[in-house]
1. Answer yes or no as to whether Cys98 is farther than 23 Å from Ala186 by Cβ and open to solvent by less than 30 Å² (accessible area, probe 1.4 Å).
2. For segment 207-216, give me each residue that is open to solvent by 30 Å² or more (accessible area, probe 1.4 Å) and under 20 Å from Thr159 (Cβ atoms).
3. Please name all residue pairs, on different chains or six or more residues apart, with Cβ atoms under 8 Å, provided the first residue is in segment 68-86 and is modelled with pLDDT of 95 or more and the second residue is in a loop (DSSP other than H, G, I, E, B) and of a type in the set (A, V, I, L, M).
4. Could you tell me whether any residue of segment 178-194 is open to solvent by 10 Å² or more (accessible area, probe 1.4 Å), among the acidic types (Asp, Glu) and over 20 Å from Phe87 (Cβ atoms)?
5. Among the residues of segment 217-232, which ones are surrounded by fewer than 16 Cβ atoms within 10 Å (Cβ to Cβ) and either modelled with pLDDT under 95 or of a type outside the set (A, V, I, L, M) (or both)?
6. What are the pairs, 6+ residues apart or on separate chains, where a residue within segment 125-144 that is closer than 20 Å to Asn202 by Cα and at pLDDT 95 or above has its Cβ under 7 Å from a residue that is assigned to a helix (DSSP H, G or I) and of a type in the set (Phe, Trp, Tyr)?
7. Taking the criterion of being in a helix (DSSP H, G or I), open to solvent by less than 60 Å² (accessible area, probe 1.4 Å), among the basic types (Lys, Arg) and modelled with pLDDT of 95 or more, would at least one residue in segment 147-168 satisfy it?
8. Within segment 164-206, how many residues turn out to be within 12 Å of Asp126 (Cα to Cα) and of a type in the set (Val, Ile, Thr)?
Amino acid sequence: MSAKRSRLRIRRLVAAALAAAAFCAYLIANPKSYQTQTSTTKTADDTQSVALKDTQTTADSLLARDVLDDLAVREKDTSEKYYRKLFYDSWSTTSSGCNMRDAILTRDLTEIVFDGCKVMSGKLNDPYTGQTINFTRGQDTSSAIQIDHVVALSNAWATGASKFDQTTRYNMSQDPLNLLAVDGKANQDKSDQDAADWLPPNTAFHCQYVARQISVKYKYHLWVTPKEKIAMQNVLTTCPTETTVGLENQ
């Protein structure tokens with residue numbers, strides 16, 4: 001385990017210890033809060049708390065700015081030519097039997113109409129533009145919503161992925177952590193640019209966007225360029241408590 005990852009694990013342990021101490025103090029002050037409940041009926045509040053579990057900050061959450069500081073900083077490596085097929089040439093099939101594109105549409109859209117696994121229509125509250133986009137599957141309409149690799153694959157290639165084996169590159173290209181359903185034009189405008197050269201038009205999403213890029217780069221041992229790190233730091237100064245995504249077990 002690297003020294004950087006050891007420091008992050010130590011931060012998790014400290015956070016967990018603080019959370020446990022706070023919880024114990026609460027129990028002492030509120031003894032009724034831990035009395036055994038005899039009712040097994042699930043209330044609306046119970047259901048809501050379960051639904052929110054995955055979105056609430058936990059003791060294992062890591063501040064994006066701290067994880068950014070643990071990423072290596074180097075210029076891009078352009079010594080090897082990038083080809084998209086070095087990552088993948090078609091969407092993977094998920095455990096449910098659906099392909100990854102439809103899985104991401106299912107995750108990110110609302111008011112969905114299905115035909116088997118296929119998402120035929122729905123609505124997207126687009127994180128990149130802040131607009132609501134109506135989606136209808138079809139040869140001339142499907143491109144209105146595209147699946148973006150938050151860390152563009154060519155950017156990943158130039159910041160470490162050229163040294164990956166084929167399996168690791170494929171896994172990164174299909175990882176839901178690195179995939180978002182977004183406005184097609186915004187995705188095309190972004191192309192393969194990093195945070196130093198492109199941020200979503202929707203400024204309210206900048207913090208989450210940068211935090212997700214940092215999460216992907218940390219998970220896959222990618223580096224950031226000096227300009228990219230400065231751009232990310234500038235964004236995170238506006239949201240110093242922004243946390244990473246999906247790194248609890250890394």
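1. So Cys98 passes the test.
2. Here is the first cut: in segment 207-216, the ones open to solvent by 30 Å² or more (accessible area, probe 1.4 Å) are 208, 212.
The answer is Arg212, and nothing else.
3. From segment 68-86, the pairs are Leu71/Leu222.
4. So far as segment 178-194 goes, yes, one or more of its residues are open to solvent by 10 Å² or more (accessible area, probe 1.4 Å), among the acidic types (Asp, Glu) and over 20 Å from Phe87 (Cβ atoms).
5. Passing the criteria: Pro226, Lys227.
6. Pro127/Phe205; Tyr128/Phe205
7. The answer is no, given that none of the residues of segment 147-168 is in a helix (DSSP H, G or I), open to solvent by less than 60 Å² (accessible area, probe 1.4 Å), among the basic types (Lys, Arg) and modelled with pLDDT of 95 or more.
8. The first filter runs over segment 164-206 and keeps only residues within 12 Å of Asp126 (Cα to Cα), leaving 180-187, 200-202, 204-205.
Now restrict to residues that are of a type in the set (Val, Ile, Thr): 182.
Result for segment 164-206: 1.
The values are calculated or read from the model by the stated rules, or taken from the named source; none is laboratory data. Keep in mind the model is a prediction, meaning the values are calculated, not measured. Counting neighbours? That spans all protein chains shown, and the Cβs are built from the backbone with ideal geometry, glycine included. SASA here: full protein model, heavy atoms, side chains in, ligands and nucleic acids out. Shrake-Rupley method; radii C 1.70, N 1.55, O 1.52, S 1.80 Å.
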